[in-house]
Amino acid sequence: MIAYVSGIIEDITMDNVVIDVGGLGYNVKVSADTAMRLPGIGEQTKLYTYTCVREDAFLLYGFLSRNDLDIFKKCITVNGIGPKGALAILSVMDADSLRYAIMSGDTKAISKAPGIGARTAERLILDLKDKIKIDDSMIEREIAANAGTTGLATTPQVEEAVTALVALGYGRSESLKAVNAVENLAELDSGALLKAALKKMF
């Protein structure tokens, strides 16, 4: 219904921003991550919005990019995850990190969000894994360029390096992200990949 809201920021909290649009103040629900990335009070901003109409409320949910809005819309299609739950997830990880978590099956990372348990995280991964496409984010395109593939690299060397990082205490999604960020990864063995990925962690 409302594609975006553009105006002056009047107030910001960790879950809401008030935007003055031509003298009319809009309450827009936001994730903690979005709230922290907004410019200050009195500054101009633009938020892409999702409109939620209920019997007792008319709510706007705002995002700084269409990428963030897209993953939010995907999350709320999952049974048991409404707009509040989707914002909670996007408050503990950004859109690209969530995509990595979904593609790598990292329930631990997703269930860090308040109100999102392991079973809900598993359902989210199961429902959305096939819906996350390589063109959904810039980071995924960078991975494809580095790996010389059309998606996340899944060679035995990559899997061995990821498994080693997980054994060292890192999450699977951040391990997969670090390994796939290594340049020319297809040319490296698992040991070299592990060393290069560890440097990406710091």
Next on the checklist: If each DSSP helix of 4+ residues adds -39,500 (n - 2.57) and the sum is divided by the residues in the chain, what number results at 222 nm, nearest 500 deg cm²/dmol?
Outcome noted: -13500 deg cm²/dmol
Item to check | Principal-axis tilt of helix 138-147 within the chain, Cα atoms, nearest 10 degrees | outcome: 10
Item to check | Leu188 long-range amide H proximity, modeled H, under 5 Å | outcome: none
Item to check | Antiparallel DSSP beta bridges within the chain, as percent of all bridges there, nearest 5 | outcome: 95
Checklist outcome for this item: If one builds a Gaussian network model of the chain from Cα atoms under 10 Å apart, the most fluctuating residue listed among Thr49, Thr34, Thr13 is Thr13
Checklist entry - Among Ile76, Ile89, Ile125, which one moves the most in a GNM of the chain with springs linking Cα atoms closer than 10 Å? => result Ile76
Checklist entry - Between their Cα atoms, which of Lys108/Lys195; Lys177/Lys199; Lys108/Lys129; Lys108/Lys177 are more than 21 Å away from each other? => result Lys108/Lys195
Checklist entry - Applying 1/(1 + (r/R0)^6) with R0 = 45 Å to the Cβ-Cβ distance of Phe58 and Glu122, what FRET efficiency is obtained, to the nearest 0.05? => result 0.85
Checklist entry - Among Tyr4, Phe58, Ala32, whose Cα lies farthest out toward the positive end of the dipole of the range 4-64, if unit charges sit on the beta carbon of Lys, Arg (+1) and Asp, Glu (-1)? => result Tyr4
Next on the checklist: What is the angle, in °, between the Cα long axis of helix 95-104 and the longest principal axis of the Cα atoms in the chain? Nearest 10 is fine, range 0 to 90.
Outcome noted: 40
Checklist entry - Between Lys84 and Thr163, what length in nm is gained on full extension when 0.36 nm per residue of separation is reduced by their alpha carbon distance? => result 25.1 nm
Checklist outcome for this item: Measuring from the longest principal axis of the C-alpha atoms of the chain, the long axis of helix 66-75 (C-alpha) lies at a number of degrees, nearest 10, equal to 80
Next on the checklist: Run the numbers for Ala32 and Ala186: contour at 0.36 nm per residue of separation, minus the present Cα-Cα distance, in nm.
Outcome noted: 51.7 nm
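None of the figures in this text is laboratory data; all of them are computed from the coordinates on show. From a predicted model like this one, the values you see are computed outputs, not experimental measurements. Note: ideal-geometry Cβ built from the backbone for every residue, glycine included; neighbour counts use all protein chains shown.
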